[in-house]
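The values are calculated or read from the model by the stated rules, or taken from the named source; none is laboratory data. Computed from a prediction, not measured in an experiment: that's the story for all the values here. Cβ atoms come from the backbone with ideal geometry, glycine included; neighbour counts cover every protein chain shown. These area figures cover heavy atoms from the full protein model, side chains too; ligands, DNA and RNA do not enter into them. Shrake-Rupley method; radii C 1.70, N 1.55, O 1.52, S 1.80 Å.
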Amino acid sequence: YNGSLPNGDRGRRKSRFALFKRPKANGVKPSTVHIACTPQAAKAISNKDQHSISYTLSRAQTVVVEYTHDSNTDMFQIGRSTESPIDFVVTDTVPGSQSNSDTQSVQSTISRFACRIICERNPPFTARIYAAGFDSSKNIFLGEKAAKWKTSDGQMDGLTTNGVLVMHPRNGFTEDSKPGVWREISVCGNVFSLRETRSAQQRGKMVENETNQLQDGSLIDLCGATLLWRTAEGLARTPTVKHLEALRQEINAARPQCPVGFNTLAFPSMKRKDVVDEKQPWVYLNCGHVHGYHNWGNKEERDGKDRECPMCRSVGPYVPLWLGCEAGFYVDAGPPTHAFSPCGHVCSEKTTAYWSQIPLPHGTHTFHAACPFCAHQLAGEQGYIRLIFQGPLD
């Protein structure tokens, strides 16, 4: 969430979460299948030390799949619940919200136990994602209404209510990245085309030649929050916060000026990202001309939203510029020359071009591009604009 959550990182609620090899493996893998109403099935569900997934087919029939310990993998769970089995607590992303007071009233669509990621403890440390997480009793329950089915090899599988969607970018997460296709991941980690709407009863078609293996740049959508997965190798090629700070200082050292007030502009430090500074650069989003804040060209009859640029007379929104400071979102280490519209987050040209092409799930059946730094839906033809700075006159 642009380097930090609105209320700061607290415990397992963080803006980013790093997965490390655990001191002791805690992964699980499927073992025995019980058809319910048998004492073994009831025992598997009630046993607090035994992981199990229950598939309720009807009031009379439940299939219970026992899971056993797997010493080769580590399991990490993600969801809205703050119960101890959840390693990474995620809350709904409210576009552009700066504080959690905006976010608490919303009825969350993120599942309490949304998904689990299983990582191999040995190289190449493959990470796979599965829908649903185990609760405090080490159970996953798929109720009567959940989409579920028997697979060709006699195993059970199913989908969660709002689903776990994954998109793997093409060409990895680099300056050549292109958006991939959104897929849904099942409880057993199989890959399906999307349902007609988010929680439709009918599952999509199985996609045989794709896997649930996460790649650098994979996006995981939990219906209310979208997570970006970065690998250690990928992050090693990504600009660091130090590098972003150096780019900020470089742009400020060039002493860009306001063409109206002739005052020098400067991007505020990464830490000060809520309060508009008097030296803050502002931009006209239709043309990209960068100014300092001024009252020129305010059209009263336009609700004060649109302003006329003093340089080229084009009329449009006028917003402060902020440097995007979550380095993990950058596809390259290029200079901050472009800004997302309408929020004014600034980063490299290739980064704005990449995110403006990504359709992020929104609600139950729509998709739209959004700024990765604040989740605002992008506007305008491209969703971003090239910044035109005026240098000092001396």
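Summary table
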| quantity | calculated |
| --- | --- |
| Spread of Cα-to-Cα distances over 20 Å intervals beginning at zero, given as percent, for the chain | 25, 50, 20, 4, 0 |
| Accessible surface of SER46 - all protein chains present, 1.4 Å probe, nearest 10 Å² | 80 |
| LYS145-ASP49 pseudo-label distance in nm [points 7 Å out on the Cα-to-Cβ vector] | 3.6 |
| Cα gyration tensor category, rounded, prolate or oblate, for the range 1-66 with a/c compared to 1.5 | prolate |
| Computed helical MRE - 222 nm, the chain, DSSP H runs ≥ 4 contributing -39500 (n - 2.57), nearest 500 | -2500 deg cm²/dmol |
| Taking the chain and dividing mean pair separation by its residue count, relative contact order in percent (alpha carbons under 8 Å, at least six apart) | 12 |
| Rounded tilt (10° steps) of 241-253 against the dominant C-alpha axis of the chain | 10 |
| Cα-based shape type of the range 277-394, given that a ≥ b ≥ c are square roots of the gyration tensor eigenvalues and the cut on a/c is 1.5 | oblate |
| Inter-centroid distance (Cα atoms) of the range 209-242 relative to the range 321-344, Å | 17 |
| Point-to-point label distance, GLU245-SER108, nm (Cα→Cβ direction, 7 Å offset) | 3.3 |
| All Cα pairs of the range 28-236, percent lying beyond 23 Å | 48 |
